[in-house]
Structure formats: structure tokens, C-alpha cells
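S.K.: Handing you a structure now.
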Amino acid sequence: QGTSRVQVIVSVLGEAFILGVLGLLVAIFLGLAFQLITLSFMTSEGFPPQSFVLPLAIIQNVILYALGITLIGALYPAWKAGRIRIVEALRYT
């Protein structure tokens, strides 16, 4: 009841940011694991051995884009949550 609109907006954006970071970490680790699995499978099937590449520049760009898109995607729900009255929000839950 005592939170301001800005506090509600920051809270929603913070939650979206944390979910974005967790999803990003899972995606990066799974992507690297699948790369390692694919390379080992290719070697066992007779392809020439390939080296495991950790593309740091690409990972850095993916982190920046993913977090930016996460925050942009959360702006409208945060703004909408900041505008609704607490009595109306509790009525529909």
C-alpha cells in the first residue's frame, strides 16, 4: 500500500532483469555443452577433430542484447503495474 509508482516499476524491472540473467546463464552453459557434445560426436563418427572454441566476443554481445531486450520487454508491464491501484490489483487475484 505504501509503495510509489517508481518503486513498483523498479521492482518489476528488477525481477525481469534477474529472470533474464538466469535464463541467459542457462542458455550460455547449455549452448557450450551442446557444442562440446556435437564436437565429440563428430570425432567419434570419423570427422577430423575440431577444436572447442569459446567465442568471448559473441558471448559478450549476446549478454548485452539479451539483457537489453529483457529490460525493453519489461518496460510496458512495469509501467502498467505502476499505474494500477492496489485495490484493483487485489480484486482480481
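The values are calculated or read from the model by the stated rules, or taken from the named source; none is laboratory data. Since the model is a prediction, treat every value here as computed from it, not as a measurement. Because the Cβ atoms are built from the backbone with ideal geometry, glycine has one as well, and the counts that use them run over all protein chains shown. With ligands, DNA and RNA removed, areas are computed over all heavy atoms of the protein, side chains included. Shrake-Rupley method; radii C 1.70, N 1.55, O 1.52, S 1.80 Å.
S.K.: Once both labels are modelled 7 Å past Cα along the beta-carbon direction, what's the R83-I58 spacing in nm?
M.R.: Between R83 and I58, the simple spin-label model gives 4.1 nm.
S.K.: Can you compute the charge dipole magnitude of the chain about its Cα centre, using +1 on each Lys and Arg Cβ and -1 on each Asp and Glu Cβ, nothing else charged? Give it in debye, rounded to the nearest 20.
M.R.: 580
S.K.: For region 2-19, what does the Karplus curve 6.51 cos²θ - 1.76 cosθ + 1.60, with θ = phi - 60°, yield as ³J(HN,Hα) per residue in whole Hz, taken in order and with x for Gly and Pro?
M.R.: x, 8, 8, 4, 5, 5, 5, 4, 5, 5, 5, 5, x, 5, 5, 5, 5, 5
S.K.: Pick from I58, I18, I28 the residue whose mean-square fluctuation is largest in a GNM of the chain, springs joining Cα atoms under 10 Å.
M.R.: Among I58, I18, I28, the largest GNM mean-square fluctuation belongs to I58.
S.K.: Using only DSSP helix segments of four residues or longer, with each worth -39500 (n - 2.57), what per-residue ellipticity at 222 nm results for the chain after dividing by its residue count and rounding to 500?
M.R.: It comes out at -28000 deg cm²/dmol, rounded to the nearest 500.
S.K.: Further question on the same structure: Relative to the longest principal axis of the C-alpha atoms of the chain, give the angle of the C-alpha long axis of helix 56-83, reported between 0 and 90° and rounded to the nearest 10°.
M.R.: The helix 56-83 is inclined about 20 degrees to the chain.
S.K.: Another question, if that's okay. Tally up the carbon and sulfur contribution to the accessible surface of the chain as a whole percent, 1.4 Å probe, everything protein left in place.
M.R.: Of all accessible area on the chain, carbon and sulfur atoms account for 72 percent.
S.K.: Then there is this: State in Å² the accessible area per residue of the chain; use a 1.4 Å probe, count heavy atoms of protein chains only, and round to the nearest integer. Don't jump to the answer; show the numbers that get you there.
M.R.: Values: 7400 Å² over 93 residues.
Dividing the accessible area of the chain by its residue count gives 80 Å².
S.K.: Which chymotrypsin sites (Phe, Trp or Tyr not before Pro) does the chain hold that lie in a coil by DSSP with at most 12 other beta carbons within 10 Å?
M.R.: F52, Y92
S.K.: Among L24, F41, G68, whose Cα projects farthest towards the positive end of the dipole of the chain, with charges put on the beta-carbon of Lys, Arg (+1) and Asp, Glu (-1)?
M.R.: Value computed over the given set: G68.
S.K.: Please list 3J(HN,Hα) in residue order for region 24-36, calculated via the Karplus relation 6.51 cos²θ - 1.76 cosθ + 1.60 where θ = phi - 60°; whole Hz, with x for glycine and proline.
M.R.: 3J(HN,Hα) across region 24-36, in whole Hz: 5, 5, 4, 5, 5, 5, 5, x, 5, 5, 5, 5, 5.
S.K.: Further question: Work the Kirkwood hydrodynamic radius out for the chain: mean of 1/r over every pair of different alpha-carbon atoms, inverted, in Å. It would help to have the intermediate numbers written out before the result.
M.R.: Numbers: mean 1/r = 0.0611 Å⁻¹.
It works out to 16.4 Å.
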